[in-house]
1. Take the residues in segment 214-250 that are within 12 Å of the ligand (Cβ to nearest atom) and either farther than 26 Å from GLU122 by Cβ or part of a helix (DSSP H, G or I) (or both), then tell me which one is modelled with the lowest pLDDT.
2. Residues of segment 267-278 being farther than 15 Å from ASN119 by Cβ and within 16 Å of the chain's Cα centre (by Cα), which ones?
3. Name the residues in segment 309-333 that are open to solvent by 30 Å² or more (accessible area, probe 1.4 Å) and in contact (Cβ under 8 Å) with a residue 24 or more places away in the chain, would you?
4. Would you pick out the residues in segment 190-209 that are part of a loop (DSSP other than H, G, I, E, B) and more than 14 Å from the ligand (Cβ to nearest atom)?
5. What's the total number of residues in segment 144-196 that are small (Gly, Ala, Ser) and open to solvent by 30 Å² or more (accessible area, probe 1.4 Å)?
6. Check SER277 against each of (1) in contact with a helix residue (DSSP H, G or I) (Cβ under 6 Å, 6 or more places away or on another chain); (2) open to solvent by 60 Å² or more (accessible area, probe 1.4 Å); (3) of a type in the set (Ser, Thr, Tyr) and name the one condition it does not meet.
7. Taking the condition outside the structural domain of LEU302 (by TED's automatic domain parsing), in contact with a His (Cβ under 9 Å, 6 or more places away or on another chain) and in a loop (DSSP other than H, G, I, E, B), does THR90 pass?
Amino acid sequence: MKRRDFIKQASIGAVAASSVAAPAIVHAGKKIRWKMVTTWPKNFPVLGTGANELAKLITKMSDGRIKVKVYGAGELIPAFEVFDAVSRGTAQMGHGSAYYWKGKIEEAQFFSTVPFGMNAQEMNAWLYYGGGLDLWKQTYEPFGVMPAAAGNTNVQMAGWFNKQINSTKDLQGLKMRIPGLGGEVLKRAGGTPVNLPGGELFTALKTGAIDATEWVGPYNDLAFGLHKAAKYYYYPGWHEPGTTLEAIINKKAFNALPKDLQIIVENACKVVNQDMSLEFTAKNNAALQTLQQKHNVDVRKLPDDVLAKLKALSHEVVLELAGKNPAAKKIYDSYNGFYTQVAAWHDISEKIYFNVR
Ligand code: CA
């Protein structure tokens, strides 16, 4: 008998017994305690609080049968060790984004975001209806980890700069915190990408250890106080047009759950995936107004020739990644095929509508 079947049988038996004997003991025995480690500072707006919401939702939807305790970055393990912790079962769940694990699984970056690639709506459509989620699951399978989309930042800002970007020359020598494929693009443009967890950005920027940093968008960036550490706030977030945040679940822990709890965990992720995206949409503009009007932030658009250069380099970087191994090629083909067809539709729907409304 499989372990989960055994547990199911045992709990059915226990419920029957509980109606005549000791319900409190039986009830206590059924509770499952999970730990969720995150790459975000504890209670950080939307990202950290979204992870908190996910934990609460799993507990509420399961009527307390699973309790998930959330740990902020550094509480149990450092931010960038979340994947390993979930893989080895130190924690049953994690919350972060796939590009943080590029040192281990380079092709995982496709599941976060691709520079000049799909936005949140398109990315979710690929994941749920275009085969993306299945490929993501296959990618993490060898590590005993199961992914779920659990949040999206929508289009980000290009970031906070202490140097003006007036031409492609200004990218040369630029030391910037920028993770994932965007970092590789900056490197090819002559810059020096640095990867730092969110909690270290303010100090690095303030002390001049880096010239620039991207983070998320106005709502999150205001909360970090990044306007107190840099002069210029550039848009658009070419490097992160719709970054998927992920929940990762230890496969053994997931398989040990009865079927209904598995469905609850997966669907709680789906709810939070949508909810975080909505919260960003709802709150970014007010934060931007605060940054501009209260803190006199200098908001600027990246020059067109800079964006054109970054776009050309992005294509190079993505194609190279696709060429690295058959797994990367398979994901790229799926991503790119979906992007091409969804973009064709969006060219005459969303895009046109944005321009005419
Ligand atoms: Ca970012």
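1. By that ranking, first place goes to PHE224.
2. Listed by number, the residues that qualify are ALA268, CYS269, LYS270, VAL271, VAL272, ASP275.
3. LYS309, LYS311, HIS315, GLU316, LYS324, ASN325, ALA327, LYS330, TYR332
4. Selection gives GLY190, GLY191, THR207, GLY208, ALA209.
5. 3
6. (2)
7. no
Residue-wise test of (1) open to solvent by less than 10 Å² (accessible area, probe 1.4 Å); (2) modelled with pLDDT under 95.
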position	(1), (2)
LYS8	no, yes
GLY13	no, yes
ALA16	no, yes
ALA24	no, yes
GLY29	no, yes
ASN52	no, no
VAL70	no, no
THR90	no, no
PHE110	yes, no
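The values are calculated or read from the model by the stated rules, or taken from the named source; none is laboratory data. Since this is a predicted model, take the numbers as computed values, not measurements. Neighbour counts run over all protein chains shown; Cβ positions are idealised from the backbone, glycine included. For the accessible areas, the whole protein counts, side chains as well, though only heavy atoms, and no ligand, DNA or RNA atoms are used. Shrake-Rupley method; radii C 1.70, N 1.55, O 1.52, S 1.80 Å.
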